[in-house]
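Values in this text are rule-based calculations from the coordinates and carry no lab data. The shown structure was predicted, so the numbers you read here are calculated from the model rather than taken from an experiment. Glycine also receives a Cβ, built like all others from the backbone with ideal geometry; neighbour counts cover every protein chain displayed.
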Amino acid sequence: MKVLKGRTAVITGAASGLGLETARLAAERGMNVVMADVQGDALEAAAAGVRALGAAVLSVRTDVRRSSDLETLAAATLERFGTPNLVFNNAGVISGGLVWESRAEDWEWVLGVNLMGVVHGVRVFTPLMLRAARSDASFEGHIVNTASMAGLVNPPNMGVYNVSKHAVVSLSETLYQDLALMTGQISASVLCPFFVPTAIHRSEHNRPDDVRAQDATPTPSALIAEAMLDKAVANAKVSAARVAELVLDAVRDRRFYVYSHPNALGSVRTRLEDVVSGRNPSDPFADRPHLGAELRAALNSDR
């Protein structure tokens, strides 16, 4: 999609992090911006900031776990701006811990946001974009889904999150192929960021009551995962603003895979070699054995 000016972007998870930075950049490049997030007050503050850049902005409080909320978002977008050209299914949360210690509520919440939020966005917006393409030969559209490097590898003690992001990669690859069967006017990308300084590692604070366990005390492995994430995010070198640039560059170039840290792809190559050769999964800490030793010690300290 070579031209962004005058076109419309819909962005979920837009109150902070990658979503907000993408909204700002889209506004600077002349797009109308529809901002959606489950955090109502934060969303309104973020939308005000994007409006101050001179963009036309619509903000819609949206819980992406609920298909009805995505349908409301689509209806509001159509009424205000017409069919969007860019849909960025970006909302995401994180929950760590040993895979068998993750509660049913953890699975419901993380899969509800990270996977079903993308499913609902694809299901609701793709038919609108296809309809626009059929009626207008000049229409161009692009769908970007946020996965993670954890959708391409399987770091230990992060099982629920890994599963959700692998599913988003699969969904996105299938979407790309399905769209290619139907039209040349709409394409798709999957964003696989590594550690980026956003608020996702604090997403537990926004967990809704309906997926909050009766025993809300985090498991020891979940606390260990949270501490490791805090440290990794604090040391992150690639900014959310830079990732937003990479996203819009990929839309312009119709590039499917979007990586924030291409130098981290060695672990992806190792995993794929494991798969193709049929060997057991490689040690994720082979290059950093001290980290593996620290994690093992922490997980086994009170058991």
Which fully enclosed strands (runs of 3 or more DSSP E) of segment 2-67 have 1 or more residues being more than 24 Å from LEU246 (Cβ to Cβ) and over 18 Å from the mean Cα position of the chain (by Cα)? 57-61
Among SER148, SER67, which is the only one that is farther than 20 Å from ALA26 by Cβ, in contact with a His (Cβ under 6 Å, 6 or more places away or on another chain) and either touching a residue at least 40 places away in the same chain (Cβ under 8 Å) or basic (Lys, Arg) (or both)? SER67
Do we have any residue at all in segment 104-120 that's farther than 19 Å from LEU175 by Cα, touching a residue at least 60 places away in the same chain (Cβ under 8 Å), assigned to a loop (DSSP other than H, G, I, E, B) and not basic (Lys, Arg)? no
So which residues in segment 142-157 are part of a helix (DSSP H, G or I) and either crowded, with 24+ Cβ neighbours inside 10 Å or over 15 Å from the mean Cα position of the chain (by Cα) (or both)? GLY151
